[in-house]
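Remarks on the structure that follows.
The values are calculated or read from the model by the stated rules, or taken from the named source; none is laboratory data. None of these values were measured; they are calculated from a predicted model. Because the Cβ atoms are built from the backbone with ideal geometry, glycine has one as well, and the counts that use them run over all protein chains shown. Note: areas computed on protein heavy atoms with side chains; ligands, DNA, RNA excluded. Shrake-Rupley method; radii C 1.70, N 1.55, O 1.52, S 1.80 Å.
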Amino acid sequence: MNDALSPFRTAVAAALADAGLRAALYSATSNKQAVHKTGIDQLHDADALRELAGSIKQHTLDHLDTYLSQFVARVEDRGGHVHFAPTAGEACVALTRIARQHGLRLCVKAKSMTTEEIGLTAALEADGVQVVETDLGEFIVQIDHDRPSHIVTPIIHKNRRVIARAFERELGVAYTEDPQELTQHARRHLRDIFRRCDLGITGVNFAVAETGTICLCTNEGNGRLTLTRPRVHVAVMGIEKLVPRMQDLAVFLKLLARSGTGQPLTCYTSLITGPRRADDADGPAELHVVIVDNGRSDILAGPYRQILRCIRCGACLNACPVYSKIGGHAYDSVYPGPVGKVLSPLLATLARYPDLPQASSLCGLCREVCPVRIDIPGLLVRLRRDQVRQRVVGRTHRRLFQWAGLLLRYPALYRLGQGLARAVLRRRSEEGWVRQAPALMRRITDLHDLRAPAPQSFRTLWTRSRKDERPA
Amino acid sequence: MNALRESVLAGVRVAADYLPPSAREPLPPVTPDIVRQPTTGVGLVELFCQRAAAVGLRPAVVTESALPRHIGELLRKAASAQAAPCGVLVEPDLPWRELILAAVPDSVNVLTPPVSDEQLFAVGAGISGVAAAVAETGSIVCVSGPSRWRSLSLVPPVHIAVVREEQILPDLLDLLATAPPENLPAQLVVITGPSKTADIEGILITGVHGPGEVHVVVVTAEGEIDRSPGT
């Protein structure tokens, strides 16, 4: 037996052994499941609304070339600049070029998964631009040299003591564990930055094709400051963020915050249509939109297309029995949780993330909570099939399934195998429990005892009962 | 630059063609029956106030004649809560501006944009009108424009928004389906609550980067009763 653990399994073992992490995850995810339910229950016909959201997104993806061209034309009509990036590297080049051309030195950043994905902060800093994360969670991640572990609430894995130590060390403030005081320290620190900044970088939640509008959903106000204070605002978006019409936003906005945090809407829903007008009182003089492909069109051109519907609400992370035990870091990707299990291998390679499609019981909770009705379990099963075709899974694994296939194909063989296993396990059992099973089954009994098999199989009992019922 | 544009657009074109046109999803209508949330039993003003209070805004309903006194009171409280002398930033085309200015307490210094960054970051409150309000979600809507300062409802710790009763729309769909595509402001922001976070251990904190206190004053015609919650 191969006992060397893969990086994912090592990370999972470490996460499971960390009682503090598990307590934090348990309390955060169970709380979020509750508010998700409250939020969705407020809708008078949530299922119909989710169905509608799913089909609008699917339609947009199926005609993405049309909507993308329309969006680009509208942004440019309004005086915005559009940049295209086939890869993460080219997206970073576009950003550093904008910073260089305008002599921008101090960048404030609102939370954005796409900028995480393309590694933007490191690229800008290498070019001499100071980048400050302004979302409270991301700010704490940045000063503590950590990584986010959730796509909506990035420091779900951190407790206040860790945060208090980071603030004391990095900001030079008196040690305090009070969340209110910690927040005020961050506010004071960042206010000064917001006064001086010249470049603001945000993500995009939705991009409206018919008007060239970008929509941003935030809670803290840092997002609004980021797209109000600096001279230049750059919005970074994946090609899949589009919706056709302004009225479609009503559908998605009613679902996004309810699914993520249980709010009817996030505190600030900003719709940006072009840069500041000539007679506007304030706002950035320039608006740039960087449109990133980075593997998305490859996903679009195949059977996994529907994963691009995802609006990054985080509901599937909170609902997932795997995520809620192991947290986000174990996935070793910007996109953790159920959606990440599909997206991460597709954006990279199947071989880069061999364990992720397997790390699921296919319980289907992710599909149940998804506001755009993505069939995540179905996609995971398809990925497993592709893993076998591409020989990503190990030899033992493949052989096991070959055996299982044989057993299932020939009923006589199945009965024989079942009889053998029953005999062996019953011989090993004490007081109705098997504490150590032989061979590969030991992997199960390493984790928990197995109940001893019944003396007779269900099939035997069933056949007999049918016989008894039959009139003589 | 144009090569990158062509490369991305051509890639998306080819990818979209993975499905034949007949297999692609048609564009569904945004059916109001599904999207609009029914609001039965209560009036728009009352529903708006309930929902606004639920998201942490502080709604009040006043008549035109009671408006100055009400805002004067809010400013007095804001001023006494602050260590430094309090300034208030007042939008140039605020509805009932003269009435309101006359009621500003002596302890509060009135500023009209444009102001320096120094002043902007020091003032204690901002008073603005709104472009609309949404009853379903309890939101107010602010837009950018020649005399509309984006910073005014964002930088000061207290924001006071004056809403005319007839500005309240029933549903978010009413706001978005009727927004004129050719005449959109550079920025339209739907405000649904004070600035808030629950990043640290899920504990709710208000006033992170934006205003921690948002007062929404709904002005109704004379003779209507005061329906503000909590009074």
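Distance from the alpha carbon centroid of the range A:363-386 to that of the range A:208-276 works out to 26 angstrom.
Put simply, the Cα atoms of the range A:303-371 extend 28, 27, 20 Å along their principal axes, the longest span coming first.
Note: relative contact order over the range A:315-468, using C-alpha pairs below 8 Å and six or more positions apart, is 13 percent. Scanning chain A for trypsin sites (Lys or Arg not before Pro) in DSSP loops with at most 12 neighbouring Cβ atoms within 10 Å leaves A:1-390 as the longest stretch between them. Annotation: extensible slack from A:Glu368 through A:Arg451 equals 26.7 nm (criterion: 0.36 nm per residue apart, minus Cα-Cα distance). One quarter of the convex hull surface built on the alpha carbon atoms of the protein assembly as shown amounts to 38.1 nm², the projected area averaged over directions. Given the range A:420-468, what whole percent of its Cα pairs are spread farther than 14 Å? Across the range A:420-468, Cα pairs with separations above 14 Å total 54 percent. Within the protein assembly as shown, antiparallel bridges make up roughly 35 percent of the DSSP beta bridges whose residues both belong there. With R₀ set to 35 Å, the beta-carbon distance separating A:Arg231 from A:Ser361 gives a calculated FRET efficiency near 0.10. Averaged over the residues of B:46-58, the number of partner chain Cβ atoms lying within 10 Å of the residue Cβ comes to 1.
The spread of Cα positions in the range A:255-371, taken along each principal axis and listed from longest to shortest, comes to 57, 33, 25 Å. Estimated from helical segments only, the mean residue ellipticity of chain A at 222 nm is -15500 deg cm²/dmol, where each DSSP H run of four or more residues counts as -39500 (n - 2.57).
Our compactness index for the range B:79-155, the C-alpha radius of gyration over the empirical 2.2 N^0.38 Å, is 1.15. Fully extending the segment from A:Thr396 to A:Glu125, taken as 0.36 nm per residue of separation minus the present Cα-Cα distance, adds 93.0 nm. The spread of Cα positions in the range A:1-62, taken along each principal axis and listed from longest to shortest, comes to 49, 33, 18 Å. Rg and Dmax, both from the Cα atoms of the range B:4-77 and both in Å, are 25.3, 66. FRET efficiency for B:Leu19 and A:Leu5, Cβ-Cβ distance as r, R0 = 56 Å, nearest 0.05? The calculated FRET efficiency here is 0.90. Counts of other chain beta carbons within 10 angstrom of each beta carbon in peptide A:28-41 average 1. In a simple Cβ point-charge model (Lys, Arg +1; Asp, Glu -1; nothing else charged), chain B has a dipole of about 320 debye relative to its Cα centre.
Look at the alpha carbon pairs under 8 Å that are at least 6 residues apart: their mean separation over the length of the range A:280-339 gives a relative contact order of 24 percent. Extending 7 Å from Cα along the Cβ direction at A:Gln180 and again at A:Ser465 yields two label points whose distance is 6.2 nm. Relative contact order of chain A, taken over Cα pairs closer than 8 Å and 6 or more residues apart, is 18 percent.
Shown for chain A: cysteine residues without a partner Cβ closer than 4.7 Å, namely A:Cys92, A:Cys107, A:Cys197, A:Cys215, A:Cys217, A:Cys267, A:Cys310, A:Cys313, A:Cys320, A:Cys363, A:Cys370.
With 5 Å bins beginning at zero, the pair-distance distribution over Cα atoms of the range B:179-224 amounts to 5, 15, 15, 14, 13, 15, 12, 8, 3, 1 %.
Shielding of peptide A:243-255 by partners, expressed as the average count of other chain Cβ atoms within 10 Å per residue Cβ, is 6. Taken as Cα centroids, the range A:167-203 and the range A:305-337 sit 28 Å apart, rounded to the nearest whole angstrom. Extending 7 Å from Cα along the Cβ direction at B:Ala10 and again at B:Gln50 yields two label points whose distance is 5.9 nm. From the Cα gyration tensor of the range A:263-309, with a ≥ b ≥ c the square roots of its eigenvalues, which class applies: rounded if a/c is under 1.5, or else prolate if a/b is larger than b/c, or else oblate? Cα axes put the range A:263-309 in the oblate bin.
Radius of gyration over Kirkwood radius for the range A:358-426, both on Cα atoms: the Rg/Rh ratio is 1.12. Averaged per residue, what accessible surface does the range A:415-472 expose to a 1.4 Å probe, in Å²? Solvent-accessible surface per residue comes out at 85 Å². B:Asn183 to A:Ala13: FRET efficiency via 1/(1 + (r/R0)^6), r the Cβ-Cβ distance, R0 41 Å, to the nearest 0.05? In this case the efficiency is close to 0.10. In the range B:81-231, the alpha-carbon atoms span a convex hull of 162 Å³ per residue.
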